[in-house]
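The structure under discussion appears below in the form of structure tokens.
The values are calculated or read from the model by the stated rules, or taken from the named source; none is laboratory data. What you see is a predicted model, and the numbers here were worked out from it, not measured in a lab. When we count neighbours, we look across all protein chains shown, and the Cβ atoms used for this are built from the backbone with ideal geometry, even at glycine. In case anyone asks, the SASA skips ligands and DNA or RNA and just uses the protein heavy atoms, side chains included. Shrake-Rupley method; radii C 1.70, N 1.55, O 1.52, S 1.80 Å.
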Amino acid sequence: MEDKDTIICRCEDLTREDVRKLIAAGYTTLEEIKRISRCGMGPCQGRTCLPLLAREIAAMTGKDLAEILPAKTRPPVKGIKLGTLEKGREDHE
Amino acid sequence: MSKNTAEVVIIGGGISGCATAYYLAKLGVTDIVVIEKDFLASGSTGRCGAGVRQQWGLKMNVLLSKESIKAYETLNEELDTGLDIEFKQEGYLMLAYSEKMVEQYKKNVALQKSLGIEVELITSEEAREIVPYLNTEGLLAATFCPTDGHINPFITTNSYAEAARRLGVRILTFTEVTGIDVEKGRVVAVETTKGKIFTNRVLNAAGGYSREVAAMAGVKLPTHPERHQILVTEAVAPVQGPMVISLHHGIYCQQAPHGSFIMGFGDPNELKEHVITSTWHFLEEMAAKILPLLPPLAELRVVRQWAGLYNMSPDAQPILGEVPQLQGFYNAVGFSGHGFMLGPVTGRLMAELISGRQPHMDISPLSLERFEKGELLREPSVV
């Protein structure tokens, strides 16, 4: 399959071609690519795309996969509705 | 390091540092090194709420932000990097809940109009026309400026950096400043984890770490870090044009052009130290503050929360300029939560100062000496 048809980040609709362009432009860490492209910022919070992205970075930079540092994981891990949070607060007020 | 000298060393790869590097290079000073301890926009810039507004109560702030927004309007063309800074120019709606606040907003609007800002004091019914699901209970009035808005801080910073690199600026990421050498009252070198750089001009644009960087040069800055927390929701179809901001509740909430909602609030009990962890308390408090105002947001899922540092100054106004006792040491610090929106004007002013030009605006009221002289500035409209 061609790079432009291969999806890396399904939440933000980024293809292998998109991320390879960014790596070629000098964005060679997961943190940087996440911020410039939103790869990993969607509802899945990077569970699907970031391991794939790490492999692309390793392949293009010639680094060992073990050297590609993971991106920071942020709470709340799974999406929570604002309405649920508000009710939770009422319960312990 | 290939070359161990530079005409100017800029400490901090956020908006202030990258914008200054670009405007300096444009003025012909291209022998510059920008030093960033992590990646670009990894500090306060990339953690901010991404709003840009001109609705201030102090003339200086209106003028600075007006020039910045003008510059942001054409920044894609100016920098020509192929990156889009995602400027969504659909205004800021500022809510007023007390007679005192209405009086203050009337004064603000008169001042802003006199300085050429398109802004109006509007009724609660008019506010509801702009944000149809706004609960207007208790709302006395609002102000609306349609040219305020939202801009992507990561892309803006990287775009400035790419344009600066094209002009010859060197940018060292993942490099930390460990010392600043001073001899006979002037800066002579900057020590980093990748070697020493000899230079006579240094800009401190270190955001949350401005005090610590200045201390390396023996300069005492009256700035301190203060944590501020933010959350972002899943993306949905565009429903909210402007940033909604209520100084009464201390909250702000904006839908990014990408569809997600970004929101935060000012907490007087926030930590005033180098802590950028997030709390569960913030999520619950944020939900409890925002939902009475914007009820339909209850159905939105929070996908991520984070925190960043405001670099607070004693009067919550920036400190810009050269330090009188230390030749060649410049500060662009203490933005107190507004550094990103002032990025372009900060960059231009600092570039003028560092290249030996007269700044195009009188920024002497923003000098470090104002604290000793007791000439503090007072901005009435801050979160």
request  = Say whether the condition of being in contact (Cβ under 8 Å) with a residue 24 or more places away in the chain and more than 13 Å from chain B (Cβ to nearest Cβ) is met by at least one residue in the stretch A:72-79.
outcome  = no
ask   = Mind checking which residues of the stretch B:1-10 are open to solvent by 10 Å² or more (accessible area, probe 1.4 Å) and part of a strand (DSSP E or B)?
value = B:Thr5
query = Somewhere in the stretch B:251-258, is a residue within 25 Å of B:Ala205 (Cβ to Cβ), more than 14 Å from chain A (Cβ to nearest Cβ) and modelled with pLDDT of 95 or more?
reply = yes
inquiry  = Tell me whether the stretch B:98-111 contains one or more residues that are in contact with a Lys or Arg (Cβ under 9 Å, 6 or more places away or on another chain) and on the phi < 0 side of the Ramachandran plot.
reply    = yes
ask   = Just checking, how many residues over the stretch B:12-50 are assigned to a strand (DSSP E or B) and surrounded by fewer than 24 Cβ atoms within 10 Å (Cβ to Cβ)?
value = 0
ask   = Looking only at the stretch B:210-226, which residues are touching a residue at least 12 places away in the same chain (Cβ under 8 Å) and either surrounded by fewer than 22 Cβ atoms within 10 Å (Cβ to Cβ) or in a loop (DSSP other than H, G, I, E, B) (or both)?
value = B:Arg211, B:Met216, B:Ala217, B:Gly218, B:Val219, B:Leu221, B:Pro222, B:Thr223, B:His224, B:Glu226
request  = Within the stretch B:45-65, track down each residue that is away from every other protein chain (no Cβ under 14 Å) and within 17 Å of B:Ile15 (Cα to Cα).
outcome  = B:Gly49, B:Gly51, B:Val52, B:Arg53, B:Leu64, B:Ser65
query = Is it the case that some residue within the stretch B:358-373 is in a strand (DSSP E or B) and aliphatic (A, V, I, L, M)?
reply = no
query = Within the stretch A:10-24, can one find any residue that is modelled with pLDDT under 95, out of contact with any Pro (no Cβ under 8 Å at 6 or more places or on another chain) and in a helix (DSSP H, G or I)?
reply = no
